[in-house]
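The values are calculated or read from the model by the stated rules, or taken from the named source; none is laboratory data. Computed from a prediction, not measured in an experiment: that's the story for all the values here. Every residue, glycine among them, receives a Cβ derived from its backbone with ideal geometry; neighbour counts consider all protein chains shown. Calculation scope for accessible area: heavy atoms of the full protein, side chains included, ligands and nucleic acids excluded. Shrake-Rupley method; radii C 1.70, N 1.55, O 1.52, S 1.80 Å.
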Amino acid sequence: MSSIIRKDPRKNWILRNRLHPLHQQMLVAEGAGNNAVVRGPSGLIRKNPHNIGFIGPNGIKRIDRLGGSGTVVAAGQRGEAVDTRLPLVQISNPESWIVVVPDLAGGRLTSHDRDVLGQARQLAAANPACAVVALVFGDLSENLADDSNGLALAGVDRLLHFSGDDWNGYCPEQELAAMLAVHRQLLPQHWLFPDTHLSGNDRALRLATRLEERPAMHAWQIRDGRVTCRAGSERNDVTRSLPKVVALLAECAMPVDDSRHEVLPMALPELPGVLARIQDAGAVAVDPNQIAMAEAGFILSAGNGIHDWEQFHEAARVLGATEGASRVAVDDGFMPRFRQVGATGTWVTARVYVAVGISGAVQHLQGIGACEKVIAINTDAGCDMVKRADLSVIGDSQEILAALIEQVKALRQPAASEGGRHHVA
Amino acid sequence: MLNAALPWLLAGFLIVLGAGAVRRISLWRAGRPAPVDLIAGLMAMPRRYLVDLHHVVDRDKAMSNTHVATAGGFVASMALILLVHGFGVDNVWLARALLLTTVVMFAGAVLVFRRRLNPPSRLSKGPWMRLPKSLLVFAATFFIVTLPAAGILPDGFGSGILAFVLLAGIVAGLGEMLLGMGWAGPMKHAFAGALHLAFHRRPERFGGGRSTGLKLLDLDTAGDKTLGVAKPADFTWNQLLGFDACVQCGRCEAMCPAFAAGQPLNPKKLIQDMVVGLAGGTDANYAGSPYPGKEVGKAKGSAIEVITEGLVSQETLWACTTCRACVEECPMMIEHVDAIVDMRRFLTLEKGTTPGKGSETLQNLIATDNPHGNDPASRTYWAADQNLPVMADVKEADVLFWVSDGAFDMRSQRILRAFVKIMKTAKVNFAVLGDEERDCGDLARRLGDDATFQSLARRNIEVLKKYRFKRIVTTDPHAFHVLKNEYPDLGGSYEVLHHTRFINELVEQGRLQLNARTGGTVTYHDPCYLGRYNGEYDAPRAVLNAMGIQLAEMERSGFRSRCCGGGGGAPITDIPGERRIADMRMDDIRATGAEVVAVGCQQCTAMLEGVVEPRPEVQDIAEMVAAQLVDVAEPATAREVA
Amino acid sequence: MSLDKSLKVRVLVSVGQHPKSGRERRADQDSRALELALGMPGFSVGLLHAGSESPALREYLGMGVKAIDVLKQPSSADVVPALVQALRNDSPDLVLCGTRAETGEASGMTPYRVANALGWPLVPAVVSISRGSDGTYEVLQALPRGQRRLLKVRTPFVATVDPAAAEARQSAFGPAQRGQLQAVAVASVADPAANDLEFSPARKRPKRIAAARKATTAAERFKAATVKSASKGGQVLVKETAAEKASAILNLLVAEGVIAVDSPS
Ligand SMILES: Cc1cc2nc3c(=O)[nH]c(=O)nc-3n(C[C@H](O)[C@H](O)[C@H](O)COP(=O)(O)OP(=O)(O)OC[C@H]3O[C@@H](n4cnc5c(N)ncnc54)[C@H](O)[C@@H]3O)c2cc1C
Ligand code: SF4
Ligand code: SF4
C-alpha cells in the first residue's frame, strides 16, 4: 500500500458491509484477514468488531485464535495459497478419456459445470489412467484465462480449447464438427454435458444423433454403471445402462473440492471445413421491461403501498428489474394490466421477486409460488408477504427505495470509473 | 261522418296489425324449435299475466297501479270500441262502460306521463317518451267520440273541424296502440309479452315455482350443427319471442352488478341488441343507457349474422356473473342468463375464445377435474388430520358431505374444517367421496363449456350411484345448485342441502347447542346461487339468530342481494371495468356498520376478502357456528341421524 | 410479403400428459409449435403424428386444423423412420416440433434425428419465425430469462419450439370433434434399445444443503451461510436504518446474481 491513504468508496462499502458476499474476500485482500485494517470515513483506522472470527462451513460463526493462519480464511486467497494446500493429481499417460463440454457462461465455470466435472472425476476414478478433458468453445473470462486454477480446481486434466471470434457465437454445426473430430481422435468413454437450455442440451443431442447413440438426457444420478434420468413431465425416472453421451442435471454430483489437476492444453484436431447453414445474427437487445413477465429473472413489484410512482419506476430502471404489480396497483391505474402478478395475472418464475407495499393476498402469492427468493418491503411486519419472504425490511417504501437507489448508484459509479470488474459467483 | 268512417278505420288498423303480427311471428319462427305446449300455454297465459307477472311488477307499487289502470283500461276500452264503434252495437250502457274504461286508461296514462317527466336513467327514452302522450290521446279521443253513443252529447256532435281533430286523434291513438303493437313500436311488448308468457321456456317459474338450472346442450356435432348460439336464429323461437317482450324498463340494468361496476354489460341493452339481431338492422334507435364504455349506434346484425361479429362484443357476454339479478327483477320474465350462456357456449365450444384464464382453467378441469390443475389424488390432503369416513370404505352414510374444490384452497379449508367440526359435534353419520369427487361442473358450464360440464357431471353421477346416502350436504352453493338443479337432466336426482339449512335443522332438533355470540354488528350477504337460484333466504338467517345475532340487513339483501362478483366464471375471465364488484358489495356491507359479514359461500369469502383492508371481517356461517358450539359432553339422545 | 401458397409447414405432434394427473392431453410444447405454424402467413399447415389414434390428438384439431395424419405405430416402435418416410413423401418447407415430449423417455432426440435423416439443419428453442428479405428466414431463439438471439436459416429446416413461445390458442370442442384423425398405414421399426429402459415413479432428488458443501472460498462459505439462514423462515429487519435495510436488500440481490456489479462492457 502506498503511504497516501486513498479512499475507494466501493471497497469501503464492501468492507463496511458484513453481508456483502465479497466482504470476507475484500478483508483478506486488504491484508490481514481477521486483522484487516478498516478506515472509517474520517480516515481513522477502525477495528471491525464483527470481523472477529469467521463463519464455518456449517454456517456457525467461529473465532479463530490462531491469528489468521486458519486454513479456511486462507482459502479465500487465490494462486499459491491454494496450490500448496491441495494435492495435485497428475495423469501422465492417459489411456482413456472422458470429455466434458462445460457451458462456461460468460467464460466462467457455472456451478452446474462444476457438478458435471465432479461427475466426470467420479467416473474417471475407476481407472487411474483415465483423464478428464474439458472441451471448451469460445473465450474464457479473464479469471480463467489468466489463472488456470479455476479449471484445475474443478477437476480438469486436459484442455481442448477452441477460441477466437469464430467460436464465440452460436455455431452448433461447427461445434459438432469439432466434437466429431475430438471423438475420432480420442474415442472417449463418455461425453458429459450439463443439460442446459440451448448449450449442453443442444450439443449432446447433436453429437448423439451423429454418433447414432441413444443419449441419457436429464440425467441426475449415475450409480454402478447405470444412469437415472428424469423422464417426461418429471413424473417418471428412467434408469438404463450408462451410454456414451450423457447430459446431466445440476447437482448430479458433488463438485471437486479436494484436489488440483493439471489442465494441460492438448493439440487441437484438424477440422474439416463446415458449411454453416445456421447463421448467428447476434443477440437481440431486450429491455428488462419488455421481457415477458413469466420469463423475467428479477422483478420489482409494486402494490398499494407505493405512493411515489416516479420513484418506483426509477428504482426498477436503476436495478435493471422487470416491473410487476399487484391487482390493486393495476386497478388503480398506476400499472398496466399485463404487469399484474397473481392468480388472474401472470405466474412468474423470477429468481428474485421484490414485493414493495404488497400485502400478500393468496391470489397474489399464488403467482409467485415459483420464485426462488422473495424480498418484502412493507410497513406491516405482520402481513402475509413478510411471512412468505426470505428477507423482509419493515419500513416506508419510499424511504427504503430511495436508499436503495442511492446505494446501487454508488456501487456502480466507482466500479465504472476504475474500469475494474469483478464477478459475482 | 266519423261514425261511418270508424268501423273501416278500425278494420284497416286491425288488418295492418294482423300483417305486422304475422311478420313478427315469422321473425321468431326463424329460431330453432323448442318443446312448448302451445295450447296449455295459451290457456295458462291470462293467469300468468294477471298473477305471476303482476307479482313481479307489484314490487314497484306505483308502477304496478299505473300499469293496471293503463293496460286494463286499454284492453277493456279496445274490446268495447270494437263493439260500440266497430260493430255499431247500439247500447247506451256499453258506451258508458267504454267511457269509464277510457277514463281509467286516461288516469293511468297521466301517471305514466308524470313518471316520464323526469325518468330515471334506467328507462329508455326515444319512442318510449311518446307513449304516454299517445295513450292520453287515445283515451281522450275515444272518450269524446263515445259521448254521443252514450247519449251524453247529441248524435250530430263531432262534425266539421272537430271531426278532423278527432280523426287525427283516432289515427294517432290507434296507430300507436295497434300498428305499434305489430310493427315494433313500444306497444309491441303487449303482443309479444302475452305470447312470451304463454310460450315461456321455463313454465315452471309460474305459479310460485322456481326454475334456474341451465338447459342441457346437445353435443352432437354431426352435420355441421353449431354448438351454442352463434346467430340470433340459433336461439329457440320462444327465446326470440322473449326478447321481443322487453319493455325497456331497465330494472335489470339497475340491478346488474357488472353494469354498476362499469364493465361493458347492460342486460337491457343486450336484450335490445338481440331484438335488433332478430329483426335485422342497427342499434341506432336504441335510447337507453349504453354498455359502459361503448358507444351506441355502431352495432348491427341480422338473424343470420354471427352476433359477436358486429352486434355484441365478446367482453359484454363474459362480464356477466350469472347472478340472475336481472332475471329476478324483469317484469317480463325474460331469461337473460340463458341467453348469455347460450352465446358463451358458441364462443367456448366453437371459437375457443374464452378470455382471461378461461382456457387454462378449462384445460385443468378436463385434465385434473379441478380448476387449478391440482393433482386429483390430493383432494383429501386438507383433511389429513380429520379422520373423515370415506365412501369407498363405508359405502353408506346418512349424509354425503360434498366437499367441493374448496378442498384445494387454504382459506376454504377453514370453512370445511369448521363444518366437519359441527357435524362431528352433532354426531352426524356422514362420509365424503374423497378422491372420487370431482369438480361439480358449475364453472365449466357457466364458461360455456357444456361438454366438460357433462363429462364431469356424468362421472360424478357414476360415482354417486355406487353409494347409499340419504342426502347430500355441501358448503358450496354452486355445487349445491348444480347437484340439485342440473344433475337431474343427466339422470342424477338427489336431495341436496346447503350447510346452513342442515345446521339449522340440527339446531332445531336440539342436536347442536350454540352459545350466544357477543361482539360487534353482523350483516349477512346472500350468495346468488343460494338465494336467487334456490330461494334459500331463511335458513342462514335462522342459524345466525340461533346464535343471538340481530342482523343489520343491507339495503340490497334477500332476492335483491348484490352479487360479490364471483359467479359465472367472472373472476376467471376478469373483464375490466371501472370498479370491482366486490368493492361495491363491501361498501354495501360497510353501510350497515357491521364488523363482520356472514356468508355462506367460499367464493363469496374469497371475493370479499380480496377487498383491501381495512374492511369488515368475512366469516362463513359454518365458522361462526363452529366458534359458538356448546361442547355437549353426552348428547341427550343418541338418536340416529336423519 | 408475397404469399407463396405452395409453402408447407408440418408440425409433428405427440400425445402429452398432464404433469399432475398424468392424463393424456395435447402436449404443451407441440401445441405451441402448432400455434407458431398457424401464425405464419402463407404457409399451409399440416399435422403429423406417429403412434396411435389417441382421442387426446383431437385437442390439436380443436385449434382449428381439419385433420391429422396418424402414422399408425405400435408403442414399442421407433417412430423416426416412419416420420422421415412421411416427410420425404410430403416434402414440406419447414418442420416444427416441441422441444421435449411429455411422456416416455422424453430425451428430445426425435427432432434431431428427423433433421439428420432429412439432411436439414435443426434450429432449437425457437419462439418466432419470419421471412427475411433475402430468401432466408429470421428465427428468434429463446435464451434463458427472456433474452433472445436472432438466427438466419434457409428452408428447408427443422425447428423445435421453445416453451417460451406464445401460448397455444384454446382448443375448442366443436372443431375437435369434427376434425379427422386420418390413419395412414406405414411400416414400423422396433426400437432396439427400449428393453434397457426401466421406468419408475420419479424419486425426490435430495436438495443439496448449501452449508454441507465443503466451501473453498470465503465468498462461497459466506454464501452458504446466508443461503442457509435465508431458507429458514426469512430474516426480518425492523429497527435498522433505511440505509442498512437497503444494503441488506442489495446484498441479497448481488448474492443472487440478479444485479450486475460489473459495469456492462
Ligand atoms: C378472484 C380474485 C383474483 C385476484 N387476483 C389477483 C392477482 O392476480 N394479483 C393480485 O395481486 N391480486 C389479486 N387479487 C386481489 C388480492 O386479493 C388483493 O386485494 C391484492 O393483491 C392486494 O394488493 P396490495 O397488496 O397491493 O394491496 P393491499 O392489500 O392494500 O396491501 C398494501 C400493502 O402495502 C403496505 N404499505 C402501505 N403503505 C406502505 C408504505 N408507505 N411503505 C411500505 N408498505 C406500505 C401495507 O402494509 C400493505 O401490506 C385477486 C382477488 C380476487 C378476489
Ligand atoms: S346475471 Fe347478473 S351480471 Fe349477468 S346480466 Fe344479469 S344482473 Fe348482470
Ligand atoms: S329485460 Fe326485462 S328488466 Fe330488462 S329492460 Fe327488458 S323488460 Fe325490463
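General observations
- A full extension of the chain between residue A:310 and residue A:406 corresponds to an added length of 33.1 nm, given 0.36 nm per residue minus the alpha carbon distance.
- When the protein assembly as shown is described by a simple charge dipole with +1 on each Lys and Arg Cβ and -1 on each Asp and Glu Cβ, the residue from C:186, A:207, B:80 located farthest towards its positive end is B:80.
- The 1.4 Å probe gives accessible areas that order B:155, B:476, A:332, largest first, as B:155, A:332, B:476.
- Within the full protein context, the accessible area of residue B:396 is estimated at about 100 Å² for a probe radius of 1.4 Å.
- Between helix B:410-425 and chain B there is an angle of about 70 degrees, using the helix long axis and the longest principal axis of the Cα atoms.
- For residue C:183, the residues whose amide H sits under 5 Å from its own are C:70, ignoring neighbours fewer than 5 places away on the same chain, with H placed 1.01 Å from N.
- Remark: C-alpha extents of the stretch A:94-265 on the principal axes read 43, 35, 28 Å, sorted largest to smallest.
- Computing FRET efficiency as 1/(1 + (r/R0)^6) for residue B:459 and residue B:59, where r is the C-beta to C-beta distance and R0 is 56 Å, gives about 0.85.
- DSSP beta bridges fully contained in the protein assembly as shown are about 30 percent antiparallel.
- In sequence order, calculated HN-Hα J values of the stretch B:119-124 (Karplus, 6.51, -1.76, 1.60; Hz; x Gly/Pro): x, x, 5, 5, 7, 6
- Within the stretch B:371-505: Cβ-based charge dipole about Cα centre, in debye rounded to nearest 20 (Lys, Arg +1; Asp, Glu -1): 440 debye
- For the stretch B:459-515 versus the stretch B:353-367, the gap between their alpha-carbon centres in whole angstrom: 28 Å
- For the protein assembly as shown: rounded, prolate or oblate by the Cα gyration tensor [a/c cutoff 1.5]: prolate
- For residue B:595, the accessible surface of its heavy atoms amounts to roughly 110 Å² (probe 1.4 Å, protein chains only, rounded to the nearest 10).
- Think of chain B as a dipole: +1 on every Lys or Arg Cβ, -1 on every Asp or Glu Cβ, centred on the Cα centre; then among B:403, B:280, B:150, B:150 lies furthest on the positive end.
- Listed residues B:542, B:569, A:112: farthest to the positive end of the dipole of the protein assembly as shown (Cβ charges): B:542
- Dipole magnitude (debye, nearest 20) for the stretch C:8-196, charges at Cβ of Lys, Arg, Asp, Glu: 460 debye
- Taking amide H atoms as placed 1.01 Å from N in the peptide plane, the amide H of residue C:137 lies under 5 Å from those of C:132, C:153, C:154, C:155, each 5 or more residues away in sequence or on another chain.
- On the basis of the beta-carbon distance and an R0 of 25 Å, residue B:377 and residue B:493 show a calculated FRET efficiency of 0.30.
- Each residue of the stretch B:587-595 was assigned a 3J(HN,Hα) from its phi angle through the Karplus curve 6.51 cos²θ - 1.76 cosθ + 1.60 (θ = phi - 60°); the sequence is 5, 4, 5, 4, 4, 7, x, 6, 9 Hz, with glycine and proline shown as x.
- Counting 0.36 nm for each residue step from residue B:91 to residue B:284 and taking away their Cα separation leaves a gain of 64.7 nm.
- Flagged links, alpha-carbon separation over 20 Å, of C:20/C:204; B:269/B:298; A:373/C:239; A:387/B:421; B:231/B:357; B:125/B:269: A:373/C:239; A:387/B:421; B:231/B:357
- Residues with amide H under 5 Å from that of residue A:236, placed H, sequence gap 5 or more: A:231, C:202
- Length-normalised contact order for the stretch B:2-198 - Cα pairs under 8 Å, 6+ apart - percent: 31 percent
- Taken per residue, the accessible surface of the stretch A:94-265 reaches 34 Å², heavy atoms only and a 1.4 Å probe.
- Interface area, chains C and A: about 9200 Å² of buried accessible surface, summed, with a 1.4 Å probe and ligands, DNA and RNA left out.
- The angle separating the long axis of helix B:188-198 from the principal Cα axis of greatest extent in chain B is about 50 degrees.
- Take every DSSP beta bridge whose two residues both sit in chain B; close to 10 percent of them are antiparallel.
- Charge dipole (Cα centre; +1 on Lys/Arg Cβ, -1 on Asp/Glu Cβ; no other charges) of the stretch B:522-641 amounts to roughly 420 debye.
- Accessible area (Å², 1.4 Å probe, nearest 10) - residue B:286: 30 Å²
- Cα-based helix-to-principal-axis angle, B:450-465 vs chain B, degrees rounded to 10: 50 degrees
- 25 °C / 0.890 mPa s Stokes-Einstein diffusion coefficient of the stretch C:1-108, Kirkwood radius on C-alpha pairs, µm²/s: 172 µm²/s
- Partner aspartates and glutamates for residue B:395 [C-alpha distance under 13 Å; skip if fewer than 8 residues away on the same chain]: B:436
- Alpha-carbon centroid distance for the pair the stretch B:305-325 / the stretch A:232-281, whole angstrom: 56 Å
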